[in-house]
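Enquirer: Here it is, the structure in full.
Just so you know, all these numbers are worked out from the coordinates, no wet-lab data involved. Worth saying up front: this structure is predicted, and the values here are computed from it rather than measured. Positions of Cβ are generated from backbone atoms using ideal geometry, with glycine treated the same way; all protein chains shown enter the neighbour counts.
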Amino acid sequence: MTTTRARDPSQPTARAPASRLAREPASIRLAGAELLDSREILPGQWLQAYRAPGLVAGARAGQFVHVRTGDYSGLVLRRPFSFNTIDPVAGTLTIHFRTVGRGTEWFTRLRPGDRVDMLGPLGRPFEVDPRTRHILLIAGGLGMAGVRALADEAIRDGRQVTLLFGGAGARDVYPSSLLPDEVEYVVATDDGSVGHRGFVTDLVADYEAWADQAFACGPLPMLRALAGLAASRRRRLGVASLGRKRGGGRPIPAGSAQARRRAFLQVSMEQNMGCAVGACLGCVVMSTAGTPQRVCREGPVFASDEIAWEGGW
Ligand code: FES
């Protein structure tokens, strides 16, 4: 993960004119967060709970926080973490991460009562169409952290949720005990040690007709495969088909929350991040319209047909 000192996000950059980029989301806050609980839930994967009431108020599934680590070098080092769960009543959140270097290892040495500096909520959330009753979540590996909070939101709103999870083997499978009882949980592993032998994308065919909308987070090849599937079924799946019957021909601005809400598939993109506030352009992907999209600001959630998947970014 790369880290860059943040610039003033209000200043346009030379590489992408500010006018070509979407407007800033509101209500980003800097808060001290107190660690409540920290545990290793899988080899090298940690779940941590923090109290940060000022930060979780208004936070939504799909958004993330940027957290300052120990200061090893004099630079301001932060790491992005998806909201794994959000409890606005208790004022708490959880993050789920894998240790990949000194920065993330530093978090594992924190103890309850320690405090960290969090910036958030950042990025744009998942958008659920009000007509949606059946939600399909698709997670590859640590991509679980990107969709986990949406399971809670959907169940709270009375929707049915099926979660498809893919991992390398049994030792990578997210524990079902950490999911709400209402979620149907289906697992695929590369080695067949648990569930279906093969890729999680193999499971989608059994659920695509049932689902009104699908939401995915995981490795790029997984997202690209799912986007290809959604493109081949366009206007025949979920709310996309409902939209067509109900005057869906009206133009909807590309990249808008409304466009994402109408999409059958939304994806949460994982890119290396530096500033996470839209200034450094270290996280850019290209849209199908040929415009740069900052994963930290225009994303991390996109409609799958917004992204130029073969763009080589
Ligand atoms: S991480 Fe700097 S613009 Fe996205």
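Enquirer: Neighbour counts of other C-beta atoms within 10 Å: give me Tyr174, Tyr50, Tyr207 arranged from fewest to most.
Expert: Values: Tyr174 24, Tyr50 27, Tyr207 16.
By the 10 Å Cβ count, ascending, the order reads Tyr207, Tyr174, Tyr50.
Enquirer: Counting only Cα atoms, I'd like the Rg/Rh figure for region 134-306, Kirkwood definition for Rh. Don't jump to the answer; show the numbers that get you there.
Expert: On the way: Rg = 16.2 Å, Rh = 16.7 Å.
We get a ratio of 0.97 for region 134-306.
Enquirer: How much length, in nm to one decimal, is gained on full extension between Ala254 and Ala170, taken as 0.36 nm per residue of separation minus their Cα-Cα distance? Please list the in-between numbers first.
Expert: Values: separation 84, 0.36 × 84 = 30.24 nm, distance 4.00 nm.
Answer, rounded to one decimal: 26.2 nm.
Enquirer: What residue among Leu35, Ala90, Ala61 has its Cα farthest toward the positive end of the dipole of region 28-133, where the charges are +1 on Lys, Arg and -1 on Asp, Glu, each on the Cβ?
Expert: Projecting each Cα onto the dipole axis, the largest value belongs to Ala61.
Enquirer: Could I ask something else about it? Calculate the FRET efficiency for Arg233 and Val100 from the Cβ-Cβ distance with a Förster distance of 35 Å, rounded to the nearest 0.05.
Expert: Numbers: r = 35 Å, r/R0 = 1.00.
The computed FRET efficiency comes out at 0.50.
Enquirer: About its Cα centre, what dipole magnitude does region 115-232 give when the only charges are +1 on Lys and Arg Cβ and -1 on Asp and Glu Cβ, stated in debye to the nearest 20?
Expert: Numbers: 10 positive and 16 negative charges, 49 e Å.
In debye, rounded to 20, region 115-232 gives about 240.
Enquirer: Could you tell me the extents of region 162-230's C-alpha atoms along the three principal axes, largest first, rounded to whole Å?
Expert: Result for region 162-230: principal-axis Cα extents of 30, 27, 18 Å.
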